[in-house]
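Down below is the structure, laid out as structure tokens.
Derivation of every value follows stated rules applied to the coordinates shown; laboratory data play no part. It should be emphasised that the depicted structure is a prediction, and the values quoted were computed from it without experimental measurement. For neighbour counting, all protein chains shown are included, and Cβ atoms are generated from backbone atoms with ideal geometry for every residue, glycine included.
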Ligand SMILES: NC(=O)c1ccc[n+]([C@@H]2O[C@H](COP(=O)([O-])OP(=O)(O)OC[C@H]3O[C@@H](n4cnc5c(N)ncnc54)[C@H](OP(=O)(O)O)[C@@H]3O)[C@@H](O)[C@H]2O)c1
Ligand SMILES: *[C@@H]1O[C@H](CO)[C@@H](O)[C@H](O)[C@H]1NC(C)=O
């Protein structure tokens, strides 16, 4: 049996789903000669660790209780009563993580799985890289801070996986890495990488006003609680930056051209969400409608996409042919077109659900299994 010890950072929607996937895949992994040993789990404040972390694990019934406690909004500290574990609170938790990494990183191997949505994990991640640990990320922040951080995390390229940072479970990063390692030059990537914006842009085609479409997206649960978090384009920009950096562009988030679908004077520091949804959006309807009509008269549709080409990396609305994979997009799927020497006229197209706890966690789990050969 090969054992893969891991520490989970972040037990929100994705992290908890990952713990459930791990438990439900026990017999599958057993057949493959694999065992995933969950050594510790942390949230923003605390860290729970198996009391004897060199040999023991947090077992499935403990982890299921942990998920229950987190879902109920309680602190991980509540789990101390169950025994078999130790709870550390920030900042002691940081020291404990490094202690575990220095014991396990180079002997049994260890994976740090970042399912948080925070930049605060970067410091620890950079240190455990030097202690021999592997890294698996759903969190985009560590790969979208400085170039130095990015390069540090990629010190050992075989020890890092981050499929779920772009397009959730879709095999975007894996496909791109295979293309790159085959020496096939990537000329251009165009992608709709936000389920929300994919839905919004395709609905506009039918002549519906932006205000109505955004409200519909919100009530369907496609948007963040404040839809401006989607409409601003920052999440798409982070994904674009990760793709651009993989292609070798040495750029930072503030080098990107990012088009926001709402003006600064409708920002969250100026307008409440309700005001924006009720009054602000109405003011944007006419301009958007004009752009939709102009595109349509050219046989095109509007899509909110990232475009990565040469040294260019930008995020915003583009006119694209109706009769292309992106042009045909309806609903909340992600669609990515990759143009290379081998895929020149007809791009390689990757399409499917680009969000959701389930698919995202599945992508993270597949990443962990993918590095099994690094474990003794
Ligand atoms: N959900 C999706 O569809 C999707 C798709 C692709 C990628 N992702 C990415 O996956 C990540 C997780 O998403 P989510 O929806 O599960 O987020 P979430 O529900 O907000 O959960 C985030 C978790 O991270 C914890 N956390 C915050 N700071 C931390 C720190 N410094 N160290 C350790 N843990 C910390 C939070 O702790 P508390 O519980 O104490 O607040 C919480 O448990 C995000 O980066 C997101 O962008 C999500
Ligand atoms: C993901 O998990 C969070 C937290 O449990 C939940 O609020 C959200 O509805 C889930 N999202 C989906 C698409 O299942």
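Neighbouring Cβ atoms within 10 Å as the yardstick, rank 147, 271 fewest first. Intermediate values should be presented prior to the final figure.
Details: 147 12, 271 17.
Listing 147, 271 from fewest to most nearby Cβ atoms yields 147, 271.
Please tell me the relative contact order of the chain in percent, rounded to the nearest whole number, where contacts are Cα pairs under 8 Å and at least six residues apart. If you can, show how the numbers build up before the last one.
Working: 691 pairs, mean separation 74.5, N = 376.
Rounded, it is 20 percent for the chain.
Quick one: 131, 176, fewest Cβ neighbours within 10 Å first, how do they rank?
131, 176
Rank these for me by crowding, 1, 9, going from fewest to most other beta carbons within 10 Å.
Fewest to most other Cβ atoms nearby, the residues stand as 1, 9.
What fraction of the DSSP beta bridges in the chain is antiparallel, stated in percent and rounded to the nearest 5?
Roughly 60 percent of the DSSP beta bridges within the chain come out antiparallel.
Gap in Å between the Cα centre of region 194-226 and the Cα centre of region 140-162?
Between the Cα centre of region 140-162 and that of region 194-226, the gap is 33 Å.
Stretched out fully, how many nm does the piece from residue 145 to residue 89 gain, at 0.36 nm a residue minus the Cα gap?
17.6 nm
Measure nothing fancy, just the Cα-based angle from helix 172-181's long axis to the longest principal axis of the chain, in degrees from 0 to 90, nearest 10.
90 degrees
Can you give me the convex hull volume of the Cα atoms of region 175-353, divided per residue and expressed in Å³?
Working: hull volume 19.9 nm³, N = 179.
Once divided by residue count, the hull of region 175-353 is 111 Å³.
Can you give me the angle between helix 13-24 and the longest principal axis of the chain, using Cα atoms only, in degrees from 0 to 90, rounded to the nearest 10?
50 degrees
How far, in nm, would the chain grow between residue 80 and residue 205 when pulled straight, counting 0.36 nm per residue and subtracting the alpha carbon separation?
On the way: separation 125, 0.36 × 125 = 45.00 nm, distance 5.47 nm.
Extra length available between residue 80 and residue 205 comes to 39.5 nm.
Multiply the residue separation of residue 234 and residue 264 by 0.36 nm, subtract the distance between their alpha-carbon atoms, and state the gained length in nm to one decimal.
Extra length available between residue 234 and residue 264 comes to 9.4 nm.
I want to check the label-to-label distance for residue 220 and residue 307. Put each point 7 Å from Cα in the C-beta direction and report it in nm to one decimal.
That separation, rounded to one decimal, is 2.6 nm.
Against the longest principal axis of the chain, how steep is helix 357-370, in degrees 0 to 90 to the nearest 10, with axes from Cα atoms?
50 degrees
Give or take rounding to whole Å, what are the principal axis extents of the alpha carbon atoms in region 320-371, in descending order?
For region 320-371, the Cα spread along each principal axis is 37, 29, 9 Å.
Of the residues 127, 346, 249, which exhibits the maximal mean-square fluctuation in a Gaussian network model of the chain defined by a 10 Å Cα contact cut-off?
346
Please work out whether region 76-216 counts as rounded, prolate or oblate from its C-alpha gyration tensor, where a ≥ b ≥ c are the square roots of the eigenvalues and a/c under 1.5 means rounded, while otherwise a/b larger than b/c means prolate and anything else oblate?
The shape class here is oblate.
Considering the chain as a Gaussian network with a 10 Å cut-off on Cα pairs, which listed residue, 292, 190, 111, attains the greatest mean-square fluctuation?
Its mean-square fluctuation being the largest, the pick is 292.
Taking springs between alpha-carbon atoms closer than 10 angstrom, which of 15, 167, 280 fluctuates most in the Gaussian network model of the chain?
280
DSSP beta bridges in region 175-353, what fraction antiparallel, as a percent rounded to 5?
Expressed as a percentage, antiparallel bridges in region 175-353 total about 95.
Cα extents of region 268-376 along the three principal axes, largest first, in whole Å?
61, 41, 28
Could you state the number of Å between the C-alpha centres of region 26-94 and region 329-361?
Using only Cα atoms to place each centre, the spacing works out to 35 Å.
Where q = 0.08, 0.12, 0.13 Å⁻¹, what log10 of I(q)/I(0) comes from the Debye formula for the chain, counting one point per Cα?
Those come out to -0.44, -0.94, -1.07, one per q.
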